[in-house]
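This report refers to the structure that appears directly beneath it.
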Amino acid sequence: ETIVQAQIKQTLLTRRNYPVKKFRTETKLALKKAGFAVSETTLRNRVAAIPDYEWTKSRSGYSKARGLHGHAGHHPEVKSPLERVQIDHWRTDIDILDDDRLTIIGRPWATIAIDLHTLTILGMHVGLDSPGVTTVAMCMINAMTRKEPMLQRLGIEADMPNSGKPKMLVMDNAGEFRGNAVDMSCKHFGIHPLFRPVAAPQYGQYIERFNRTLADAFKELAGATGSN
């Protein structure tokens, strides 16, 4: 445990922003030299146990950590699923290739909606189009409808029962959220739109944290941008 924690400080909790993959590799080597072995699950659990505030402060600085995690009570207690849902976009850190395996098509965008009560992904849309009204609409259609057809189409065996109309949709102030189309859709479905204060990322802490988790996972994929 001493070796694992030392590696966490040396590789992950620094401003060099090393990927989690480097931590796992370095830790396994250090443990092997000391005559020990460790499972992937154990290392993942150690990384997951790092407090959000400590992670952000060590890798991005005190100011950002205070902005993201330094305040409490931004959302009142959420007592039931679909009561509050956060939605945001993230440009994935990976290049998509054409069928010739040589031509780069581009980096896809992911639009994600997360339920604040269950902290599960309620809806998603992944595509090459930049964020806009259409990508928001596709994400919300996925959020409000059953997931079985999507899972069957993708050949995924999983239980994903969460779906339905959110009572409140929490968004930032991007143009695609502020437009008439989203406003009219919210009124049509009886969804209350709530906009995060400008320059206050802590009000979107759940979706921001999930995007960070995605970013760390994508850095370990073949084809991740900046990996080689």
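The values are calculated or read from the model by the stated rules, or taken from the named source; none is laboratory data. Fair warning: this is a prediction, and the values are worked out from it, not measured in the lab. Here Cβ is always computed from backbone atoms with ideal geometry, including for glycine, and neighbour counts include all displayed protein chains. Keep in mind that these areas ignore ligands, DNA and RNA; they rest on the heavy atoms of the full protein, side chains included. Shrake-Rupley method; radii C 1.70, N 1.55, O 1.52, S 1.80 Å.
Details
- Between Asp129 and Ala34, the FRET efficiency estimated from the beta carbon spacing at R0 = 41 angstrom works out to 0.25.
- Taking amide H atoms as placed 1.01 Å from N in the peptide plane, the amide H of Ile94 lies under 5 Å from those of Thr225, each 5 or more residues away in sequence or on another chain.
- Heavy atoms of the protein chains alone define the surface here; on that basis the range 140-187 has 63 Å² accessible area per residue at 1.4 Å probe size.
- Contour minus Cα-Cα distance for Tyr62 and Leu119 (0.36 nm per residue): 17.9 nm
- Against the chain, whose longest principal axis comes from its Cα atoms, helix 180-189 is set at around 80 degrees.
- Charge context of Arg212, other residues only, Cβ under 10 angstrom, K/R +1, D/E -1: -1
- The range 167-179 - phi-based ³J(HN,Hα) in whole Hz, Karplus 6.51/-1.76/1.60, Gly and Pro as x: 6, 9, 10, 9, 9, 8, 9, 5, x, 5, 8, 7, x
- Between 0 and 90 degrees, the angle of helix 133-144 with respect to the longest Cα principal axis of the chain falls at about 80 degrees.
- The range 110-165 shape via C-alpha gyration tensor axes, a/c threshold 1.5: oblate
- Lysine-lysine proximity count for the chain, Cα under 22 Å, sequence distance 8 or more or distinct chains: 25
- Between amide H atoms placed 1.01 Å from N, distances below 5 Å from Phe195 occur with Met171, all of them 5 or more places distant or on a separate chain.
- Amide H contacts under 5 Å for Leu122: Ala113, Ile114, Asp115, restricted to partners 5 or more places along the chain or on a different chain, H placed in the peptide plane at 1.01 Å from N.
- Table column - 3J(HN,Hα) (Hz), the range 40-54, Karplus curve with 6.51, -1.76, 1.60, x for Gly and Pro: 4, 4, 4, 5, 4, 5, 5, 5, 5, 7, 5, x, 4, 4, 5
- Extents of the range 123-222, largest first, come to 36, 31, 24 Å (Cα atoms, principal axes, whole angstrom).
- Residue-wise HN-Hα coupling along the range 207-213, computed from phi with Karplus coefficients 6.51, -1.76, 1.60 (Hz; x: Gly, Pro): 5, 5, 5, 5, 4, 5, 4
- At full extension, Lys165 and Thr41 could sit 41.1 nm farther apart than now, given 0.36 nm per residue minus the alpha carbon distance.
- Pairs of Cα atoms farther than 23 Å apart, the chain, %: 57 percent
- Largest-first ordering by accessible area, 1.4 Å probe, given options Glu176, Glu40, Glu77: Glu77, Glu40, Glu176
- Gain in span if fully extended, Ile3 to Lys187, counting 0.36 nm per residue against the direct Cα distance: 60.7 nm
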